[in-house]
Amino acid sequence: MKVFVIGANGQVGHELVNTLHKNEHHEVTAMVRKEEQQKELEDKGITSVIADLEGSVDELAEAMKGQDAVIFAAGSGGGTGQDMTLLIDLDGAVKTVEAAEQAGVQRYVMLSAFGVGDRSTWSDEIKPYYVAKYYADHHVEESSLDWTILRPGALTDDAATGKYAAGKDAEAGEITRNDVAHALAHIVDDSSTSKKAIELVNGKHPIEAALKSGI
Ligand code: NAP
């Protein structure tokens, strides 16, 4: 499967690209926005394209042409203002859905966040982020794509555990960025996750078993 990763230079994205690159069933293309990032990937033998979520739908569609799947692992980050939350986490995400539809890329996996689907759980401190993710996720769900939305808990930089709790078995908690990356790499070609929004935290089971039990 040809997998196109948006946010490939991010902390989750980086691990995701490396994981997909090592997997013989996948051919990964990393979307980055700087030449030096592209050079680093080239040195590792990883294919990349330069594109920006602030660009047009046409440009994004052109970048992902010929791919089988898109994984959206980008985000404006905590260090920017609410304008960037709107431009990247909401409009940037929506544009990638439109671009995937335009380019005929059917499979789409969105990296969202725990609790996005339930307004009553949104923290006041980062409510605009939840609003952006909620409406981006809604757009994914309403699209013509074969989508999955992954909603991990609070991300940590700890070592991967390989152990998860998913869906109805997942209570608000933490998950390592590496575990999120490995889960995304699994989910992209797991048809049992199709048209589902899945909460995910670290737990007791390998990803297949966690998904089987929780969704
Ligand atoms: P990260 O390290 O900040 O990575 C975000 C990536 O998005 C970066 O590679 C960045 O590119 C890219 N990006 C930003 N603006 C862009 C643009 N205009 N065009 C193209 N790419 C752009 O984030 P992370 O730690 O990997 O987390 C990934 C996502 O998980 C977050 O964005 C968030 O939505 C979600 N999440 C976070 C938490 C949490 O606890 N923090 C919990 C649940 C879900 P550059 O490298 O070029 O800057």
**Report entry** Top-ranked residue in the range 89-112 [being among the β-branched types (V, I, T) and in a helix (DSSP H, G or I); ranked as surrounded by the most Cβ atoms within 10 Å (Cβ to Cβ)]
**Finding:** T96
Report task. Kindly indicate whether D83 is within 11 Å of the ligand (Cβ to nearest atom), more than 22 Å from Q106 (Cβ to Cβ) and assigned to a helix (DSSP H, G or I). Result -> no
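Across the range 140-183, what is the total count of residues that are in a strand (DSSP E or B) and either among the polar types (S, T, N, Q) or surrounded by 14 or more Cβ atoms within 10 Å (Cβ to Cβ) (or both)? Please lay out each step first, then the result.
Start the filter on the range 140-183 by keeping residues that are in a strand (DSSP E or B), which leaves 146-152, 154-156, 164-166, 174-176.
Subset that is either among the polar types (S, T, N, Q) or surrounded by 14 or more Cβ atoms within 10 Å (Cβ to Cβ) (or both): 146-152, 155-156, 164-166, 174-176.
Qualifying residue count for the region: 15.
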Query - Residues of the range 19-48 satisfying the condition of being assigned to a helix (DSSP H, G or I), surrounded by fewer than 16 Cβ atoms within 10 Å (Cβ to Cβ) and in contact (Cβ under 8 Å) with a residue 12 or more places away in the chain - result: E35
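Since every read-out is calculated from the coordinates, none of them should be taken as a lab result. Fair warning: this is a prediction, and the values are worked out from it, not measured in the lab. A quick note on method: Cβ atoms are made from the backbone with ideal geometry, for glycine too, and the neighbour counts reach across all protein chains shown.
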